[in-house]
């Protein structure tokens, strides 16, 4: 019969292995590059990457609201708790490469920004 301490060690090892497995798996996930005009309801919940012009950007409290345009369409994007570097990249008139998840909010599609870089 297994003792309580032995079961705790097994559980800890399984938990650590699970976390390491998730980190390893996450590195292999490829984010789909998309044109804004091709983003529709079928993309809700999916991660996408768009290269776009930041047409507008304004910050309210700790949320950055964006309007993105890539020549095929426009979409809203939202970044919660932006870091200073992200706010600099996502200024009006800048071109940016943005990764995030598509969601529907008040019957409009938007991207919840997870990563933003200068478009190279």
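Summary of values
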{"item": "Those residues of the range 83-120 whose amide nitrogen sits under 16 Å from the label point placed on residue 60, 7 Å along Cα→Cβ", "result": "105-108, 110-111"}
{"item": "Ranked 12, 64, criterion: other C-beta atoms within 10 Å, fewest first", "result": "12, 64"}
{"item": "Distance (nanometres) between label positions extended 7 Å along Cα→Cβ at residue 97 and residue 31", "result": "1.0"}
{"item": "Among 16, 50, 102: highest mean-square fluctuation, GNM of the chain, C-alpha pairs under 10 Å", "result": "16"}
{"item": "Label assignment, P(r) over Cα pairs in 10 Å bins from 0, in percent derived from the structure, set [x] 13, 34, 33, 15, 5, 1; [y] 14, 46, 27, 11, 2, 0; [z] 13, 37, 23, 12, 9, 5, 1", "result": "[z]"}
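A short reminder: the numbers here are calculations on the coordinates, not readings from a lab. Quick caveat: nothing in here was measured; it's all calculated off a predicted structure. Cβ: placed from backbone, ideal geometry, glycine included. Neighbour counts: every protein chain shown.
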